[in-house]
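I have placed the structure first, in the form of structure tokens, so that the comments after it can refer back to it.
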Amino acid sequence: MLDRVLRFFITLFLAIAGGALLDLASPLLTLYISTEILKMDMGAIKITMASLLCILLGAILGGLIGFFLSPYLIRRLKKFSIWVETQLGKMPIHDVIAGAIGLSIGLIIANLLGYSFAKIPVVGDYIPVIFSIVFGYLGIHVTIKKREELAGLFDFIPRFMKELSRAREAKNQADKTGGNQPVAGVPADGKAPAADKLYKLLDTSVIIDGRIADICDTGFIEGTLLIPVFVLEELQHIADSADVLKRTRGRRGLDILQRIRQGTKVKVEITNVDFDDIAEVDSKLVRLGQQVGGKIITNDFNLNKVAQLRGVPVLNINELSNAVKPVVIPGETMRVTVVKSGKEPGQGVAYLDDGTMIVIENGHRHMNETIQVEVTSALQTAAGRMIFAKPAHV
């Protein structure tokens with residue numbers, strides 16, 4: 001049925017085109033065949049007999065060409081539509097939407113500019129066509145390439161809609177309870193949100209680190225540990241690496257996850273939420289944290305900064321470790337083993353059991369010896385703590 005409809009319209013179009021083209025030749029017909037009949041005016045139709053004959057002849061020729069050529073054109077059109085459908089099927093839906101929006105914006109700009117240049121003699125009729133092609137392509141290309149940045153400009157819309165929905169629910173609840181409207185962010189009964197509804201998102205680095213399992217065993221972590229599927233996929237990719245060190249780290253991370261799920265006091269959930277438009281795992285984690293309103297547990301310094309800039313709370317394992325380390329004061333003594341030379345001449349370096357570095361003045365001469373040192377100062381940084389000491393006088 002569709003083929004018949006297409007064949008009819010193709011035939012009709014070529015018949016009209018043929019009649020219009022041969023009508024242009026009617027002056028030549030009256031010029032070479034000078035008879036009164038051809039020059040006769042058709043009255044109400046306002047055309048000459050020559051024009052009418054040319055239009056009829058052109059329509060017949062165009063219709064015949066369209067009738068016999070339409071099956072070939074229909075086959076080509078079907079192949080083209082299948083190719084377009086295949087290409088669109090390969091593209092993510094957000095790319096298709098971005099391309100459609102970009103094409104619309106490009107054509108609007110092309111129409112506005114084309115109207116301004118349309119009155120230029122000779123070339124004015126062609127400039128709008130050129131503008132439509134150029135700006136249409138630019139609109140598609142730019143919006144697809146910059147879709148993440150453009151989407152970031154409208155991140156406030158979901159948050160606004162969410163807050164609006166909460167306000168409506170609060171108003172409805174207030175109406176049901178006789179006008180006692182709850183404060184924003186607090187349930188109607190005045191109690192704090194349940195702890196098991198607070199999500200903590202684990203990133204790859206903190207899972208491989210392993211200390212999170214010990215922290216969970218202590219019961220200091222409240223809420224639910226949310227592990228995204230893209231973090232699991234990254235762990236599996238690391239565990240399958242050809243590099244021995246990476247493979248060991250990946251398998252350690254999987255073992256830590258298994259330990260957390262089986263032996264800790266914290267509830268663990270796996271979410272299949274993924275963001276196909278984002279390539280980096282850290283960026284996906286930040287986006288998920290924004291959606292669920294959770295906190296990210298990490299020891300990655302860069303992820304810590306990016307998440308804070310995007311408004312996602314972060315729990316840094318390294319900061320927690322530094323906070324619970326024993327405090328040392330100048331004048332305190334301790335026994336340590338000098339294991340290597342320092343950066344400055346004569347310095348020696350030792351380590352406490354928790355990994356804290358001790359820089360010992362004039363400690364190089366005591367290499368590989370266990371000596372008594374006296375603390376002179378301590379330096380606390382985001383990366384950790386460093387203690388400066390000198391050999392104690394015994």
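Laboratory data are not the source of any read-out in this text; all were calculated from the coordinates shown. Note that the structure is a prediction, hence the values are computed from the model and not measured. Ideal geometry is used to build each Cβ from the backbone, glycine not excepted, and the neighbour counts take in all protein chains shown.
Shape call for the stretch 195-322 from the C-alpha gyration tensor, a ≥ b ≥ c root eigenvalues: rounded (a/c under 1.5), prolate (a/b greater than b/c) or oblate?
Working: a/c = 1.39, a/b = 1.08, b/c = 1.29.
Rounded, because the longest to shortest axis ratio a/c is under 1.5.
Can you give the FRET efficiency for F220 and I101, using 1/(1 + (r/R0)^6), R0 = 51 Å, r = Cβ-Cβ distance, to the nearest 0.05? If you can, show how the numbers build up before the last one.
Working: r = 47 Å, r/R0 = 0.93.
Step by step, r from the Cβ atoms, then E = 0.60.
Which entries in the list K90/K284; K200/K267; K200/K265; K305/K325 go over 19 Å, if you measure between the two C-alpha atoms of each? Intermediate values should be presented prior to the final figure.
Numbers: K90/K284 22 Å; K200/K267 10 Å; K200/K265 14 Å; K305/K325 23 Å.
From K90/K284; K200/K267; K200/K265; K305/K325, over 19 Å: K90/K284; K305/K325.
For the stretch 328-391, what does the relative contact order come out to in percent, with C-alpha contacts under 8 Å and a separation of six or more? Before the final figure, lay out each step's value.
On the way: 161 pairs, mean separation 22.9, N = 64.
It comes to 36 percent, rounded to a whole number.
What FRET efficiency do you get for L2 and L69 if R0 is 22 Å and r is their Cβ-Cβ distance, rounded to the nearest 0.05? Intermediate values should be presented prior to the final figure.
Values: r = 17 Å, r/R0 = 0.80.
For R0 = 22 Å, the calculated efficiency reads 0.80.
With contacts defined as alpha carbon pairs under 8 Å and 6 or more residues apart, what's the relative contact order of the stretch 237-332 in percent?
Working: 63 pairs, mean separation 13.7, N = 96.
In percent, rounded to a whole number, it is 14.
Where in the stretch 78-99 does the amide nitrogen come within less than 20 Å of the point 7 Å from the Cα of V229, taken along Cα to Cβ?
Flagged as within label range: 90-95.
Want the number for Q236 to R261: 0.36 nm per residue separation, take away the alpha-carbon distance, what's left? Walk me through the intermediate numbers first.
On the way: separation 25, 0.36 × 25 = 9.00 nm, distance 1.69 nm.
Here the answer is 7.3 nm.
Label-point separation (nm) for F80 and E280, each offset 7 Å from Cα along Cα-to-Cβ?
About 4.3 nm separates the two model spin labels.
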